[in-house]
Amino acid sequence: ALVPSKQDVFISKRNGKYDIYSRYVDGRDEQVLLSGTGSEQLDTHVMNHPNKAITALVSSRAGMRSHDGNMLSDVYLIATDTKQVQRVDNTSGERVRLIGWAKDSLIFVTSNIGVAAADNQQKLLAYSVVDNSMTELAAVSYFTDARVINDSVYYVVPKSDGTQSGGITKVSSSGKEKSVILAKEVWGVYRSSKDTLQISAAGDEWYEITLTDNKVTKLEGAPPL
């Protein structure tokens with residue numbers, strides 16, 4: 001019988017543009033938080049803060065383009081109680097993907113098309129809504145996986161032509177604490193329980209990571225996923 005006390009935030013194109021709405025789960029008090037401009041792309045998406053009246057939005061609503069003519073998206077923060085909108089500086093990218101909230105830091109990945117791998121094509125960033133600071137957590141040619149778990153960020157990079165050895169790294173949202181959890185070429189990451197990751201690695205190997213202590217155990221074979 002329990003329902004969320006916060007309003008749900010979602011995107012609707014019912015009026016021909018990507019408008020941002022809020023409403024309670026029973027449909028009450030539906031309202032437009034932010035009207036679309038008509039410049040939004042299909043990759044427009046939102047991510048609500050777990051307990052604060054803040055929603056993160058990725059949108060190309062500004063209509064800006066790169067030198068190659070590709071549309072640029074930015075990260076916006078919407079205060080769902082006041083409808084105030086803040087465009088976060090230095091987040092423009094041809095591809096921007098929200099990963100999650102690590103306490104009061106928004107984790108996301110930005111990338112640009114046609115940039116050489118040696119130039120760090122993708123960046124994993126953390127933006128703190130407390131002090132409006134930006135922290136670069138990692139910069140690599142490509143992230144195959146990135147997720148927020150227990151207020152830390154776990155990311156996977158592929159093995160590549162001598163520039164990356166591949167594996168899973170854990171980093172704090174401040175960027176001050178970073179450690180390689182598994183130095184193997186990873187094919188897949190599966191969260192089998194609240195405190196467990198199961199990893200498919202090169203050579204048909206399987207590993208299990210206990211998130212409470214980051215203990216890595218090699219499995220005898222593929223688990224029943």
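Ranked from largest, the principal axis spans of the Cα set of region 6-138 equal 51, 34, 20 Å. Using a Gaussian network model of the chain whose springs link C-alpha atoms within less than 10 Å, name the residue from Glu185, Glu177, Glu94 with the highest mean-square fluctuation. Looking only at Glu185, Glu177, Glu94, the largest GNM fluctuation is found for Glu177. Mean-square fluctuations from a GNM of the chain, with a 10 angstrom spring cutoff on Cα atoms, peak among Thr91, Thr196, Thr44 at Thr196. Calculate what fraction, in whole %, of the accessible area of region 166-225 sits on carbon and sulfur atoms when a 1.4 Å probe is rolled over the protein chains. The computed percentage sits at 46. Available extension along the chain between His67 and Val216 is 49.2 nm, counting 0.36 nm per residue and deducting the alpha carbon span.
The peptide list 101-110, 145-154, put in order of mean Cβ contacts within 10 Å with the highest first, becomes 101-110, 145-154. Projecting the Cα positions of Leu137, Gly100, Leu211 onto the charge dipole of the chain (unit charges on Cβ atoms of Lys, Arg, Asp and Glu, taken about the Cα centre) puts Gly100 furthest along the positive direction.
Measuring nothing but protein heavy atoms, the accessible surface of region 1-149 at 1.4 Å probe radius is 45 percent carbon and sulfur. Pick from Gly27, Gly167, Gly188: which residue has the top mean-square fluctuation in a GNM of the chain where Cα pairs under 10 Å get a spring? The residue that fluctuates most here is Gly27. Across the alpha-carbon atoms of region 120-223, the computed radius of gyration and Dmax are 14.1, 47 angstrom. The residues of the chain have, on average, 53 Å² of accessible surface per residue, using a 1.4 Å probe with all protein chains present.
The values are calculated or read from the model by the stated rules, or taken from the named source; none is laboratory data. No experiment lies behind these values; they were computed from the predicted model shown. Cβ sites come from the backbone with ideal geometry, for glycine too, and all protein chains shown count toward neighbours. The area values use the complete protein model at the heavy-atom level, side chains included, leaving out ligands, DNA and RNA. Shrake-Rupley method; radii C 1.70, N 1.55, O 1.52, S 1.80 Å.
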